[in-house]
Each structure stands twice: as C-alpha cells, then as structure tokens.
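Shown next, in structure tokens, is the structure this report addresses.
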Amino acid sequence: MNEIKQVGGRAVVVRGHDIDTDRIVPARYLKEITFNRMGEYPFFDERRDGDGNLVDHPFNEERFQGAEVLVVNRNFGCGSSREHAPQALYRWGIRVIIGESFGPIFAGSSVLLGMPTVMASSEDVGRLMALVESDPTAELTVDLEARKVRLPDGGDIDIDISDGHRNALTTGTWDSTALLLDNMDEVAQTADKLPYTSDFEGPAPL
Amino acid sequence: MSERTLYDKVWDSHAVTTLPTGQTQLFIGLHLVHEVTTPQAFDMLRERGLPIAYPQRTFSTLDHVVPTDMRVRPFPDEQAEAMTAALERNVREFGIEFYGLDSDRQGIVHVIGPQLGLTQPGMTLACGDSHTSTHGAFGTLAFGIGTSQVRDVLATQTLAMDRLKVRRINVNGRLPLGVHAKDVILTIIRQLGVGGGKGYAYEYGGDVLDRMNMDERMTVCNMSIEGGALVGYVNPDQTTYDYVLGRPFAPKGEAFDRAVAYWRSMASDPDAGYDDVVDIDGSAIEPTVTWGINPGQAVGVLESLPRPEELTDPKSVEKAYTHMGWEPGAPILGTPIDVAFIGSCTNSRLSDLVAAARVAEGRKVADGVKALVVPGSADVKKQAEAAGLDRVFTEAGFQWREAGCSMCLAMNPDKLNGREVCASSSNRNFIGRQGSPEGRTLLMSPAMVAAAALNGKVVDVRQYN
C-alpha cells in the first residue's frame, strides 16, 4: 500500500457549515450494491434544479474540474455513516479534504480510502477559499509529516490531523485490515477474558 | 483525561493492542448488519479471500429498503430486491444469523438488538449505521461505522480506533408533563451544537435520565451523532437489568446474576473524572420542534424562529431559511403540515406508540394530512396490536404499517413529494432526507407528531395533557 506523506493538486471550494452526507450523496444512490458509479453522484441534487438542469455549484464549474483538493467549512460530512459520501468524492477525483472540522464517521471512512481529512483554523480555511476561488490553477500541497499546507507563494498554513490517522497514511497502513489481522491471537485472548463471551451463555444463536 | 468512567472501563477491557499507528485495536462484542451498508464489505472479503472471524457475534436483518405497505417478494423496486437478495446470499455464504421478512424478529436494527437481549451493558457494539449510538442506552459502547470498517469487523471482529474524550451531560430536575425524551435530546443538541460533540463520547445522566425507561434512554442516545458525538451512553442501573432479564439472548438463571454483577462494575464510578461536564435544567425543557435543515436548528413550540442578526453566525441559517421558506421571527406554532410520520430508530418502540396513541385516541387526522405509524419491529407491531393500538390509530385515520425504516430516509417507497412539510418523529431534517429534494422536515416527539396530524399544523401537545 502506498505511503501518503504529501498529497495535493488543484483545489475546489464548497462553502457552508454542517454539510451532511445526505447532501453529498442522496439516499436513493445507496441502493446500488457497489461503489462503482459513486463518482457520478457527489452533491447530485445540489448541482441540479427540479428539472435536472445543472445549476451553479463548484462541482459543475469548468475551472474546478480535475481538482484533487477539496476545501470546506465546519462539520463537513456530518450525519449518516454512508461511506458512499467519501467514495463519491474520491471517485470524482478528490484526494485530500481541508476543512474546519469533520463528522467523525466520515473522517474515519475517508482515511480508510487513503483520503486524509485535515483541519485548519477558520481564518486559514477562509484564506484558502479566497485563494482558490481567485486562482483555480493554484496548487496546494498537504504535507502530513510537517502538518502544513504548502501554498504556491511559498507560504504555508498549519493543519491538524490525529496521530493515528496521520501515521496510518504516512506509513501506508491506512487500509487497516492487514494491520488488524496481524494480531488475531491477541484478539482471541482479549475475547476470552471478557465474561460475556463465555460466562453469560451468549450471545449465540438459539 | 477521563478516568473510571464506563467509557474508560469498556475501552480498556476491549483493547487488544496498540497498533503501529498509535491507534487502539478494539474488540467488538456484537456486530449488527443490515442490507444497505454491507454488500461492498462482503465483496471486499471475497476479493481478499477472507472469512468472517467471529460469525457467532454477527447478526443481520432487513430494515432500510423494505416496503412497509406490503411484504411480497420480489419487491417492485428492482434495486431494493437486488440489495435484499445480496444480503440473503451473503448471510448464507458466510454463515450469519439473519432475521428476514418472514421472521418475527425482523425490524430496525437498533430496535431488535435491545429487544432480543443482544445489546448488553459493558459491551462494545458496531454497525454500519450512524444511529448505532442508540445501544448506548444500555451502557454499551456502540459505534456507527463506514463500510470499510464493516469489512474490518467482519474480518477481525476489531476496529482501529482513536480514544475519545468523555463529556458528562446532566439533565437535572423533572420533565414537565407533555415533554418527552425527544425534547431532551433536541434541547441538548440545540445547546451544544450539531458539531459540539466532536471528539467526545457523551455520557448522559442526572435525575431525568435516571427516571427514564429504556425506550426513552434509547431515544436520547440515538441522536448523539446528530450532536457530533460518535457514541453516547447511559450508565446501566436496575432499569437496564430489568429490561434485559428474560429476553431471548439474555443470560439465564445464575448467569444473569453474574452478568448483573459485571454490568454494575462497568458503570462509571461515583468519583469518575470527565473531560467536560454540562448541566441542563430538565424542568425548563419544552416540547421542541426543529425548523431548519439540521437537528440543532430547533425551538420550543411556543418560541419564534431565530432572527439571523441575533445569532453569532448569521450565515449558518441562511441556507435553512432559503430551503424551508419561513420568515425569521415567525412562530413555529401553527405551521401547516402535509404529512405526519411516527416511526424510525429514534421513536418507533412500544412506549413511543403508546404516547402517540394517547393523543390520537377518539380523534381524527385533519383533512388532507397523510399520517403513517410504522412500528420499529415485527415484535413491536405484535405487541402494539395486542394492546389495541393499531385500532386506535386506524380509527383516527392513521395508516398502520409493517416494520421498517420507512420515511426516515427515503430508501423505500415511503417518501415526501415536492415541497411537502412532514411532522416527523425521526432524527434528521437534512435537505432531501425524506426523499424529495424540496421536502421539509420538522422533527418532534411522537406525541407532538400525533397532535400535529390531528390539527394539520404544529400545535402544543400539552393541550392534550
């Protein structure tokens, strides 16, 4: 698995607090039993009017096509656990999200896809948004090891990411299954010590 | 840092090891599976040639996509049918207990876990659904997870997790008559914010929680995620043990006594340390209604809608007013509704239906209002019918449905149309949540939904006290 230490590119801005995962992918697309087509759906209803015509939305704008960095405000990805939301953004082309804060399940799922969610102050997010909207060709680089976003003018801003998420990404162990499978003997020992696995007669199918 | 809380005790007893990333590998005692968030996880196992590590700790049912007005297969919706068939194939192939439409144990996953006695205090639990925090009502650490994490739990019965901080939320005093558990959690979210729980587990307590029955505690814990907290819980007490006793998967005989001793030992100690403590006056809580596009945008039923200029962050409500079409400063009381929905993992248990039926009994749903009552499980439906609640509702003009998630989330035929306004006992008023991109949702308690259905508008349920 790839080590992800630096990730970046051109960026797209989606403004607004508390953008929930229902808005990122409407529930009707969760009826598909694979993630294959999710790249077609990010912000599906927000990008269209009632008749299906495209409306003003950053994801519709030509100048933001090909963006790999998404810049957002507070509590992005709150609500439903649907991994379809980070899958949709990833499959559309996003590789890292910079925001003021994130919904906890969204952030946890994103890291398992190798898509970091990193936090910056409200002021710095505002600066980044203004920068990207005035110059969509600006390249941003998120440096996970230094905990910085590098700006085209040589400047940088500080970012926050949990040690666990950062280490998983920078050491290439963000797809956690293999890591967890390494310890199955210890898993069995932990399970055996829990009284409910043996001493309480359950749960087990009757 | 918190210490000697239930969170700390359960975390420590389920910690397998510290991973090279610094995260904790946490053992998961119970894994609940439903049709929507798992087909890709089973496919990932197949691709990697992995078996399920602890199939006996995994239980599954159908809830999100099932129609509630008929149960004939194949479903008219081909995608719902394919998704159902995929779960049936997966549980067969991987050897998982399954409660399908022909089982009297079928129902919303967060209703059947407790009802069957699968959910127990002092346990860890995971499910690919954000409302998994519901199970915290039992003193269970219950995590809502994404599909790749479902894969991890299937393959290893563990998750890679970061430890949370613990915030104690005391709801003190006594709730006024006509004020319900839903009003308590809507008030908590309104005060602390939809992102206020970021990085925290919420421990709910105080006189109000102590007096609540388990259904009510589940309503409170259910919406923890709407406050930004991944988990929420209530310490187990006699109310908890009495609920679990005698349920199909509960410990039996002497084993139950041993279990209770263990469960008691896992509750937070009287001198436990918390990262934060919040006190809320329960006697000041009113019947509460959301007016906007997230569950924190709520007012007491007698209040008027907030004026943006009075808020610290006026822009945060712009989108809400644009979508909902209300005027700042208008009263919420008297807002006309088109649809009334009583159901969902928040409020579809027997005592929820009883509270709504008390309001509806002997009265009639207003002309032009479509009103639905959707029990949370086949068992809740059976018990409600034994108590005559189905007749109370149907005589009042409500539709009485089969168990499922129904109009909470628009993955089945129960949906809003156009700009309809729905008085809903569910958990999310997000844009598009109930199936129409222009639809509007007002969250409130089941009793308040029943009262709104009778009047065709938002009213104060206390008029029926």
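The values are calculated or read from the model by the stated rules, or taken from the named source; none is laboratory data. Keep in mind it's a predicted model, so treat the numbers as computed, not measured. Cβ coordinates were reconstructed from backbone atoms using ideal geometry, including for glycine residues, and neighbour counts include every protein chain displayed. Calculation scope for accessible area: heavy atoms of the full protein, side chains included, ligands and nucleic acids excluded. Shrake-Rupley method; radii C 1.70, N 1.55, O 1.52, S 1.80 Å.
Look at region B:78-89: where a residue is in the same structural domain as B:L45 (by TED's automatic domain parsing) and a partner is of a type outside the set (F, W, Y) and open to solvent by 50 Å² or more (accessible area, probe 1.4 Å), sitting 6+ places away or on another chain with Cβ atoms under 7 Å, you get B:E81/B:P74; B:A82/A:I33; B:M83/A:I33; B:A86/A:I33. In a loop (DSSP other than H, G, I, E, B) and either not assigned by TED's automatic domain parsing to the domain that holds B:H64 or not hydroxyl-bearing (S, T, Y) (or both) - does that describe any residue in region B:441-448? Yes, region B:441-448 contains at least one residue that is in a loop (DSSP other than H, G, I, E, B) and either not assigned by TED's automatic domain parsing to the domain that holds B:H64 or not hydroxyl-bearing (S, T, Y) (or both).
Kindly indicate whether any position in region B:50-68 is within 12 Å of chain A (Cβ to nearest Cβ), out of contact with any Cys (no Cβ under 9 Å at 6 or more places or on another chain), touching a residue at least 24 places away in the same chain (Cβ under 8 Å) and over 24 Å from A:L181 (Cβ atoms). Checked against the condition, which is being within 12 Å of chain A (Cβ to nearest Cβ), out of contact with any Cys (no Cβ under 9 Å at 6 or more places or on another chain), touching a residue at least 24 places away in the same chain (Cβ under 8 Å) and over 24 Å from A:L181 (Cβ atoms), region B:50-68 yields no hits at all.
Name the residue that is farthest from the chain's Cα centre (by Cα), counting only residues in region A:63-100 that are at positive phi and among the small types (G, A, S). Among those that are at positive phi and among the small types (G, A, S), it is A:G66. Among the residues of region B:420-429, those that are buried (at least 24 other Cβ atoms within 10 Å of the Cβ) and of a type in the set (A, V, I, L, M, F, W, C) comprise B:C422, B:A423. The number of residues in region A:67-89 that are in contact with a strand residue (DSSP E or B) (Cβ under 6 Å, 6 or more places away or on another chain) and open to solvent by 40 Å² or more (accessible area, probe 1.4 Å) comes to 1.
Selection of region B:134-159 for residues being assigned to a strand (DSSP E or B), in contact with a His (Cβ under 9 Å, 6 or more places away or on another chain) and either among the aliphatic types (A, V, I, L, M) or more than 7 Å from chain A (Cβ to nearest Cβ) (or both) yields B:L141, B:A142.
The selection criterion, being within 23 Å of B:G144 (Cα to Cα) and away from chain B (no Cβ under 12 Å), holds for A:A88. The residues of region B:24-39 that are surrounded by fewer than 24 Cβ atoms within 10 Å (Cβ to Cβ) and at the interface with chain A (Cβ under 7 Å from one of its Cβ atoms) amount to a single one, B:P39. Taking the listed residues A:T117, A:T141, the one that is closer than 17 Å to A:L70 by Cβ, touching a Lys or Arg at 6+ places or on another chain (Cβ under 6 Å) and in contact (Cβ under 8 Å) with a residue 24 or more places away in the chain is A:T141, with no other qualifying.
The strands (runs of 3 or more DSSP E) located wholly in region B:204-302 that include 3 or more residues which are closer than 30 Å to B:C405 by Cβ occupy B:231-234, B:288-290, B:298-300. For region B:93-133, the set of residues classified as closer than 19 Å to B:T38 by Cβ, more than 13 Å from chain A (Cβ to nearest Cβ) and either part of a strand (DSSP E or B) or not hydrophobic (A, V, I, L, M, F, W, C) (or both) consists of B:E93, B:G100, B:Q106, B:G107, listed by residue number.
Remark: pairs (first residue in region B:18-46, free of Cβ contacts under 8 Å to residues at least 24 places away in the same chain; second residue among the hydroxyl-bearing types (S, T, Y); Cβ separation under 8 Å; 6+ apart in sequence or on different chains) = B:T18/B:T24; B:P20/A:T171; B:P20/A:T173; B:D43/A:T34.
Quick check: is even one residue across region B:88-108 aromatic (F, W, Y), under 30 Å from A:F200 (Cα atoms) and open to solvent by less than 40 Å² (accessible area, probe 1.4 Å)? Taking every residue of region B:88-108 in turn, at least one turns out to be aromatic (F, W, Y), under 30 Å from A:F200 (Cα atoms) and open to solvent by less than 40 Å² (accessible area, probe 1.4 Å).
Residue-by-condition table, conditions (1) free of Cβ contacts under 8 Å to residues at least 12 places away in the same chain; (2) closer than 24 Å to B:A447 by Cα; (3) surrounded by 22 or more Cβ atoms within 10 Å (Cβ to Cβ):
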site	(1), (2), (3)
B:R163	no, no, no
B:R174	no, yes, no
B:L177	no, yes, no
B:I189	no, yes, yes
B:D215	no, yes, yes
B:C221	no, yes, yes
B:A229	no, no, yes
B:P236	no, no, yes
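Close contacts from region B:135-161, counting a first residue that is touching a residue at least 24 places away in the same chain (Cβ under 8 Å) and open to solvent by 10 Å² or more (accessible area, probe 1.4 Å) and a second that is hydrophobic (A, V, I, L, M, F, W, C) and assigned to a loop (DSSP other than H, G, I, E, B), with Cβ to Cβ under 8 Å and a gap of 6+ residues or different chains, come to B:A160/B:L19. Examine region B:315-335 for a residue that is over 25 Å from B:S224 (Cα atoms), of a type in the set (D, E) and in contact with a strand residue (DSSP E or B) (Cβ under 8 Å, 6 or more places away or on another chain), and state whether such a residue exists. Checked against the condition, which is being over 25 Å from B:S224 (Cα atoms), of a type in the set (D, E) and in contact with a strand residue (DSSP E or B) (Cβ under 8 Å, 6 or more places away or on another chain), region B:315-335 yields no hits at all. Among the residues of region B:3-19, just one is more than 7 Å from chain A (Cβ to nearest Cβ), touching a helix residue (DSSP H, G or I) at 6+ places or on another chain (Cβ under 7 Å) and open to solvent by 10 Å² or more (accessible area, probe 1.4 Å), namely B:K9. The lone criterion from (1) buried (at least 20 other Cβ atoms within 10 Å of the Cβ); (2) more than 14 Å from every other protein chain (Cβ to nearest Cβ) left unmet by A:G154 is number (1).
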